[in-house]
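Below you'll find the structure, written out as C-alpha cells, and then a few comments.
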Amino acid sequence: MTKWLLIAVAGFCLHEFLATRGTVVSNYGISFGIGQGLVGLIVLIEIMVIVVLWRIGGKMAAIGGLVNLGDRLRFGYVRDYWYLPIIGLYNNVGDWIIAVGIVGLLLQQLWKK
C-alpha cells in the first residue's frame, strides 16, 4: 500500500511541476479529448472504478486517473502539456501513467494464457 501511495504522490508532484511550465492546454474531456464536461468526468470515474478492480496495471491506471481527477475537481478541466506531434494531441503525466497501467493489464492477460 505504501509504495502505491508514493507512486501517487510522485505522480501528483510531477504533474504539478510540469503543468506550471511551458504550454498548457485545457482538456475538458478525458484522454485524447474524449467526452466533454460532466460526461467526461462521469466516464473517467467509471473507468477508474472498473480498472481499480484489477491488479498492478489497474492500480497504475487508477493513479493516473486520480492525477487527472485532481485537476478536474480543482479547475474543471485537465491540464495537458506534452504535445505529441505524430497524432497532434496533448497529454500529461496522468495520461502516461494510465497508459503504462493499461499496457500492464494487457501483459498480465497475455501471461495468463
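Brief remarks follow.
- Tally, over segment 71-113, of residues that are in a strand (DSSP E or B) and exposed (fewer than 15 other Cβ atoms within 10 Å of the Cβ): 2
- Subset of segment 3-14 [surrounded by 15 or more Cβ atoms within 10 Å (Cβ to Cβ) and either farther than 15 Å from residue 71 by Cβ or touching a Phe, Trp or Tyr at 6+ places or on another chain (Cβ under 9 Å) (or both)]: 7
- The residue pairs whose first member lies in segment 73-102 and is over 14 Å from residue 62 (Cβ atoms) and in contact (Cβ under 8 Å) with a residue 24 or more places away in the chain, whose second member is among the hydroxyl-bearing types (Ser, Thr, Tyr) and assigned to a helix (DSSP H, G or I), and whose beta carbons are closer than 8 Å, counting only pairs six or more residues apart or on different chains, are 91/31.
Each value in this text was obtained by applying a stated rule to the coordinates, not by laboratory testing. Here the structure is a predicted model, which is why all the values come from computation and not from measurement. No Cβ is skipped: glycine too gets one built from the backbone with ideal geometry, and neighbour counts run over all protein chains shown.
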